[in-house]
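Q: There's a structure below that I have some questions on.
The values are calculated or read from the model by the stated rules, or taken from the named source; none is laboratory data. Nothing here was measured: the structure is a model prediction, and the numbers come from that model. Here the Cβ is made from the backbone with ideal geometry for all residues, glycine too, and neighbour counts use every protein chain on show. Surface areas here come from the heavy atoms of the whole protein model, side chains and all, with no ligands, DNA or RNA. Shrake-Rupley method; radii C 1.70, N 1.55, O 1.52, S 1.80 Å.
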Number of protein chains: 2
Amino acid sequence: MADEAPFQFLHSELIQYITKSAESGDTENARNITKLEIMGFRVGQGLIERLTKDTVRFKDELDIMKFICKDFWTCVFKKQIDNLRTNHQGIYVLQDNKFRLLSQLSAGKQYLEQAPKYLAFTCGLVRGALSNLGVKSIVTAEVSVMPACKFQVMIQKM
Amino acid sequence: MADEAPFQFLHSELIQYITKSAESGDTENARNITKLEIMGFRVGQGLIERLTKDTVRFKDELDIMKFICKDFWTCVFKKQIDNLRTNHQGIYVLQDNKFRLLSQLSAGKQYLEQAPKYLAFTCGLVRGALSNLGVKSIVTAEVSVMPACKFQVMIQKM
């Protein structure tokens, strides 16, 4: 019951805290998004380390992505990713039809512009987790209808 | 499995973020502790609202404190408070023998001075929860041996 609530509430306090002090210029906003992304990155690194402690070695990239969609997502958001698609050339799209960190926001269109700051932390989370598994990536997110959300992962070949 | 980890990692990022920018003067430190306490207060208010949505009315103050020690603590820290004592005159001591937000710190004495910033958020959490149940309080914390921790709640009679 309400298992994800402490994380959710703490996350929203963090956003308030980081964005409150801003003069809300565009540069400042971009800087806040970056801060949130970096914090997510570090949390993702820590989490994946703990989660993969006792797992067997991953077969391939797709195997890693499936772990992110199932185990990792469930640990953080208490649900799995609803849909995973890939072009088999290093692009993955993770779709969450009811993304927990957006579910507190109203679905009105006027709130869509608020969405990026609610997604930045999670983009970092995924990037950090992948990074610790040896996969370098760029992660972006988009919302078309709240609270559904798509995360696009572009693997950077080394 | 690792259910409390996302909250734990996020909490420790928050502390890093808030204290990093400080010039680490005493005033600045005190201000950071206050910020953490206030954020905890708001998270506590939100959480208790969700947790008590379907519960019956509390009999008395002690009944409320028991709820904090069991349901509330389990929701946030995935364990109960280990010991609750009271002088029956408005002072309660909640002891957690393995407090999750300290369990990442080493137990060496030199880290004891770091403890306050790891406790401030939780003091606020308890104060916020009680406040939403109509109980005004002052909450302080002390650590003697890590990671055990005592929270003292002083009820403010109105």
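Q: May I ask you to rank A:LYS35, B:LYS70 by accessible area, largest first, using a 1.4 Å probe over the protein chains only?
A: Values: A:LYS35 65, B:LYS70 105 Å².
Order by accessible area, largest first: B:LYS70, A:LYS35.
Q: Separate question: Over chain A, what is the relative contact order in whole percent, taking alpha-carbon pairs under 8 Å and six or more residues apart?
A: Relative CO of chain A lands at 28 percent.
Q: Now for a separate question. What residue among A:GLN114, A:VAL76, A:VAL139 has its Cα farthest toward the positive end of the dipole of the range A:1-147, where the charges are +1 on Lys, Arg and -1 on Asp, Glu, each on the Cβ?
A: Checked the options; the winner is A:VAL76.
Q: Pop the C-beta distance of A:LYS20 and B:ASN29 into the FRET formula with R0 = 22 Å and round what comes out to the nearest 0.05.
A: Here the calculated transfer efficiency is 0.60.
Q: May I pose another question? As a check on your grasp of the helix formula, calculate [θ] at 222 nm for the protein assembly as shown: sum -39500 (n - 2.57) over DSSP H runs of n ≥ 4, divide by the residue count, round to the nearest 500.
A: Computed mean residue ellipticity for the protein assembly as shown: -15000 deg cm²/dmol.
Q: Pick out, in residue order, every one of the trypsin sites (Lys or Arg not before Pro) in the range A:73-106 that is DSSP loop and has at most 10 other C-beta atoms within 10 Å; say none if there are none.
A: Listed in order of number, the matching sites amount to none.
Q: In addition: Any idea how far apart B:SER106 and B:GLN156 come out in nm if each label point goes 7 Å out from Cα toward Cβ?
A: Going from the B:SER106 label point to the B:GLN156 one covers 4.0 nm.
Q: Also, quick follow-up: Hey, got the dipole for the range B:91-158? About the Cα centre, +1 on K and R Cβ, -1 on D and E Cβ, debye to the nearest 20? Walk me through the intermediate numbers first.
A: Working: 8 positive and 3 negative charges, 25 e Å.
Computed charge dipole of the range B:91-158: roughly 120 debye.
Q: What accessible area, in Å² to the nearest ten, does a 1.4 Å probe give for A:ILE91?
A: 50
Q: Follow-up question, since we're still on this one. In degrees, nearest 10, range 0 to 90: what is the angle between the Cα axis of helix A:26-51 and the longest Cα principal axis of chain A?
A: The angle comes out near 40 degrees.
Q: For the protein assembly as shown, with every protein chain kept in place, what is the accessible area per residue (1.4 Å probe, Å²)?
A: 51
Q: Next question. Using only the alpha carbon atoms of the protein assembly as shown, find the Kirkwood hydrodynamic radius as the inverse mean reciprocal pair distance, in angstroms to one decimal.
A: Working: mean 1/r = 0.0480 Å⁻¹.
Every distinct Cα pair counted, the radius reaches 20.8 Å.
Q: What average number of partner chain Cβ atoms lie no more than 10 Å from the Cβ of the residues making up B:120-127? If you can, show how the numbers build up before the last one.
A: On the way: counts 0, 2, 0, 0, 0, 3, 0, 0.
If you average over the peptide's residues, the count of other-chain Cβ atoms is 1.
Q: Keeping all protein chains in position, work out how much accessible area A:SER144 exposes to a 1.4 Å probe, and write it in Å² to the nearest 10.
A: Counting only protein heavy atoms, A:SER144 exposes about 90 Å² to solvent.
Q: Here's another thing I want to ask about it. Which values of log₁₀ I(q)/I(0), to two decimal places, follow from the Debye formula for the range B:70-158 at q = 0.11, 0.14, 0.19, 0.25 Å⁻¹ with a uniform point scatterer at every Cα?
A: Once normalised to I(0) and log-transformed, intensities are -0.30, -0.48, -0.87, -1.37.
Q: Here's something else I'd like to know. Can you sort B:MET158, A:MET154, A:MET65 by 1.4 Å-probe accessible area, starting with the largest? Don't jump to the answer; show the numbers that get you there.
A: Values: B:MET158 175, A:MET154 75, A:MET65 0 Å².
The residues order as B:MET158, A:MET154, A:MET65, largest area first.
Q: Evaluate the charge dipole of the protein assembly as shown about its Cα centre and quote only its size in Debye, nearest 20, assuming +1 on the Cβ of each Lys and Arg and -1 on the Cβ of each Asp and Glu. The partial results should precede the final answer.
A: Working: 42 positive and 34 negative charges, 76 e Å.
Computed about the Cα centre, the dipole is about 360 debye.
Q: Something else about it: Once B and A are treated as a pair rather than alone, how much accessible area drops out, both sides summed, in Å² to 100, probe 1.4 Å?
A: Heavy-atom accessible area buried at this interface is about 2700 Å².
Q: Say we join alpha carbon atoms closer than 10 Å with springs in a Gaussian network model of chain B; which of B:GLY44, B:GLY128, B:GLY25 then has the biggest fluctuation?
A: Highest fluctuation among the options: B:GLY25.
Q: Hey, another quick one. Quick check of the Kirkwood formula: for the range A:100-142, what is the inverse mean of 1/r over all pairs of different Cα atoms, in Å?
A: 11.5
Q: Binned at 5 Å from 0, what are the whole-percent values of the Cα-Cα distance distribution for chain A, short to long?
A: Binned Cα distances yield the sequence 2, 9, 18, 23, 22, 14, 8, 4, 1, 0.
Q: With a ≥ b ≥ c taken as the square roots of the eigenvalues of the C-alpha gyration tensor of the range B:46-105, please select rounded if a/c is under 1.5 and otherwise prolate if a/b is larger than b/c or oblate if it is not?
A: Oblate shape, in that a/c is at least 1.5 and b/c is the bigger or equal ratio.
Q: Under a plain spin-label model, where a point goes 7 Å from the Cα along Cα-to-Cβ, how far apart in nm are A:LYS117 and B:ILE91?
A: Those two pseudo-labels are separated by 4.3 nm.
Q: Something else about it: Would you mind telling me the share, in percent, of accessible area of the range B:90-158 contributed by carbon and sulfur at probe 1.4 angstrom?
A: On the way: 1630 of 3270 Å².
Solvent-exposed carbon and sulfur of the range B:90-158 make up 50 percent of the total.
Q: Under a 10 Å cutoff between Cα atoms, tell me which one of A:VAL145, A:VAL56, A:VAL126 has the largest fluctuation in the Gaussian network model of chain A.
A: Top of the fluctuation ranking is A:VAL56.
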